[in-house]
Amino acid sequence: MHTVRPLTPADLPHLLVLNTAAVPAVNEIDLVEMTELVAQSRLAVAVVDDEHPDAVLGFVLALPPGLQYASENYRWFSARGEAFLYVDRIVVGDGQRGAGLGALLYEAVFDAAAADGASEVDCEVNVEPPNPGSLRFHGRLGFAEVGRQATKGGSVVVALLARPLG
């Protein structure tokens with residue numbers, strides 16, 4: 001069995017390992033940036049195996065509206081409105097994908113967004129460099145493309161995705 005639990009400070013080094021392994025699907029960040037991002041998050045949770053609750057298999061960081069956050073994608077969604085919860089990053093470790101862990105993490109995101117009265121959950125997925133597995137996964141969860149933009153000086157193109165709640 002797997003459980004979704006709040007992140008702890010002891011999890012931060014492992015989050016960095018998972019995050020780095022997931023680049024370029026997510027951007028690389030250091031410990032200071034990860035710590036700040038977790039602190040700003042409305043939802044910062046890990047999925048763990050019940051028999052090994054200290055071993056993070058995946059995690060999600062979701063941000064509320066109204067932050068002074070430099071992400072081009074977060075700012076794009078902020079310009080659309082304030083009734084959202086933004087998934088800054090969701091990472092499931094190598095060897096763990098396909099086991100339903102991402103869906104468990106998103107259940108926590110959808111619950112938090114609904115509790116906040118948000119009308120949608122937002123995220124982005126790379127289309128250049130391509131990430132077709134993530135696009136399929138998000139499509140299965142009800143996300144639809146609401147825009148595209150080039151980021152990081154044009155080196156990355158993302159599909160901006162939203163999933164309505166309710």
Given a Förster distance of 30 angstrom, what is the FRET efficiency for residue 155 paired with residue 82, based on the Cβ-Cβ distance and rounded to 0.05? 0.50
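First select every other residue whose beta carbon is under 15 angstrom from the beta carbon of residue 53; then total the charges, Lys and Arg +1, Asp and Glu -1.
With Lys, Arg at +1 and Asp, Glu at -1, the net is -4.
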Distance between Cα centroids, region 105-166 to region 1-78: provide it in whole Å. 16 Å
Could you work out the local net charge near residue 114, counting Lys and Arg as +1, Asp and Glu as -1, over the other residues with Cβ closer than 15 Å to its Cβ? -3
In the chain, which longest range has no GluC sites (Glu not before Pro) that are both DSSP loop (not H, G, I, E or B) and surrounded by at most 11 other Cβ atoms within 10 Å? 83-166
For a quick check: with amide H placed at 1.01 Å from N, whose amide H comes under 5 Å from residue 128's, ignoring anything fewer than 5 positions away on the same chain? 157
Can you check what the net charge comes to around residue 156, using other residues whose Cβ is under 13 Å from the Cβ of residue 156 (Lys, Arg +1; Asp, Glu -1)? -2
Regression test value, accessible area per residue of the chain, probe 1.4 Å, units Å², expected 49 Å²
May I ask you to evaluate 6.51 cos²θ - 1.76 cosθ + 1.60, the Karplus curve with θ = phi - 60°, for each residue of region 36-42 and list the ³J(HN,Hα) values in order in whole Hz, giving x for glycine and proline? 5, 5, 4, 5, 7, 5, 6
Keeping the other protein chains in place, figure out the carbon and sulfur percent of the accessible area of region 27-166, with a 1.4 Å probe. 51 percent
Computed over the chain: relative contact order in percent, which uses C-alpha pairs under 8 Å that are six or more apart: 19 percent
Which chymotrypsin sites (Phe, Trp or Tyr not before Pro) in region 1-106 pass both tests, a DSSP loop state and at most 11 other beta-carbon atoms within 10 Å? none
Of 91, 127, 146, which has the largest mean-square fluctuation in a 10 Å C-alpha GNM of the chain? 146
Please build a GNM for the chain, connecting alpha carbons under 10 Å apart, and tell me which residue among 112, 99, 150 fluctuates the most. 99
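The values are calculated or read from the model by the stated rules, or taken from the named source; none is laboratory data. These numbers come from a predicted model, not from an experiment. Here the Cβ is made from the backbone with ideal geometry for all residues, glycine too, and neighbour counts use every protein chain on show. Side chains included, ligands, DNA and RNA excluded: accessible areas come from the protein's heavy atoms. Shrake-Rupley method; radii C 1.70, N 1.55, O 1.52, S 1.80 Å.
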